[in-house]
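Q: One structure is given below, represented as structure tokens, and several questions about it will come after.
Read-outs: derived from the displayed coordinates by stated rules, not from any lab. Keep in mind that what you see is a predicted model, and the values were worked out from it rather than measured. Virtual Cβ from ideal backbone geometry, glycine too; neighbours counted across all protein chains shown.
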Amino acid sequence: MIHFVKNIPIDENVPENYKEIVFGAGCFWGVERKFWDLPGVFLTSVGYSGGDAENPSYEDVCYRDTNHAEVVKVTYDSNVIDLMDLLKIFWECHDPTQGMRQGNDIGTQYRSVIYTNNDDDLKVALESKDIYQKELVKNNFKTDSLESITTEIEPVKNYYLAEEYHQQYLAKNPNGYCGIGGTGCSFPKE
């Protein structure tokens with residue numbers, strides 16, 4: 001499988017010293033588009049993560065109880081782009097307070113997630129959640145709960161590559177549907 005935008009194999013071995021992180025923020029088509037052109041991002045792919053079924057199909061994730069989220073795996077050079085820069089884009093590209101949905105897309109597969117590959121990145125992701133939660137409160141972002149961010153943040157337990165037609169979908173289909181939308185609150189960076 002070749003990355004439609006980068007023109008390299010999606011199953012390419014990760015270059016030494018590059019890092020990976022997995023984001024779920026609703027429909028993976030739009031989330032992937034947010035990351036694939038960033039300086040320092042080597043590769044993106046869409047897939048399924050966080051659930052119990054092995055190697056699920058799109059139909060399994062949508063219509064069966066797999067508990068997987070639609071996700072984007074981002075492989076990046078941390079000497080060029082910082083994890084906090086990626087997290088800023090993640091927080092701003094969707095509404096992390098909606099639980100098992102993003103806009104009109106409803107179901108566990110659309111939940112907000114961050115899955116990390118190491119404890120240091122996990123700590124940074126958790127810190128970023130606290131930063132963004134404070135920003136939501138400061139901007140009077142209204143939700144039904146006191147702790148409004150529902151994002152699941154934990155070590156990655158699995159990642160299954162989605163079908164080829166989902167990869168870089170919005171590059172292949174520029175007018176394709178994408179239901180993600182942010183809160184309107186910026187993520188503050190020092």
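Q: Using Cα springs under 10 Å in a Gaussian network model of the chain, which residue among 127, 20, 154 shows the largest mean-square fluctuation?
A: Its mean-square fluctuation being the largest, the pick is 127.
Q: How many angstrom separate the Cα center of the stretch 164-179 from the Cα center of the stretch 28-42?
A: Between the Cα centre of the stretch 164-179 and that of the stretch 28-42, the gap is 12 Å.
Q: While we're looking at this one, here's another question. Taking other Cβ within 10 Å of each residue's Cβ, how do 28, 42 sort, fewest first?
A: On the way: 28 29, 42 19.
In order of increasing Cβ crowding within 10 Å: 42, 28.
Q: Amide H to amide H under 5 Å from residue 95: which residues, 5+ apart in sequence or cross-chain, H placed 1.01 Å off N in plane?
A: For residue 95, the qualifying residues are 181.
Q: Could you work out the relative contact order of the stretch 32-120? I mean the mean sequence separation of Cα pairs under 8 Å and 6+ apart, divided by the number of residues, in percent.
A: Details: 110 pairs, mean separation 24.1, N = 89.
Across the stretch 32-120, relative contact order equals 27 percent.
Q: Cα-Cα over 27 Å: which of 73/138; 19/88; 6/129; 134/157; 34/123; 157/189? Let's see the in-between values first.
A: Working: 73/138 31 Å; 19/88 17 Å; 6/129 30 Å; 134/157 29 Å; 34/123 23 Å; 157/189 29 Å.
From 73/138; 19/88; 6/129; 134/157; 34/123; 157/189, over 27 Å: 73/138; 6/129; 134/157; 157/189.
Q: Still on this structure: Using helices alone, what [θ] at 222 nm do you get for the chain, with -39,500 (n - 2.57) per DSSP H run of 4 or more residues, divided over all residues and rounded to the nearest 500?
A: Details: 5 runs with 48 residues, N = 190.
Rounded to the nearest 500, it is -7500 deg cm²/dmol.
Q: Here's a follow-up. Quick one: 3J(HN,Hα) in Hz for the stretch 107-119, Karplus 6.51/-1.76/1.60 with θ = phi - 60°, rounded, Gly and Pro as x.
A: x, 4, 5, 9, 5, 8, 9, 10, 10, 10, 9, 7, 5
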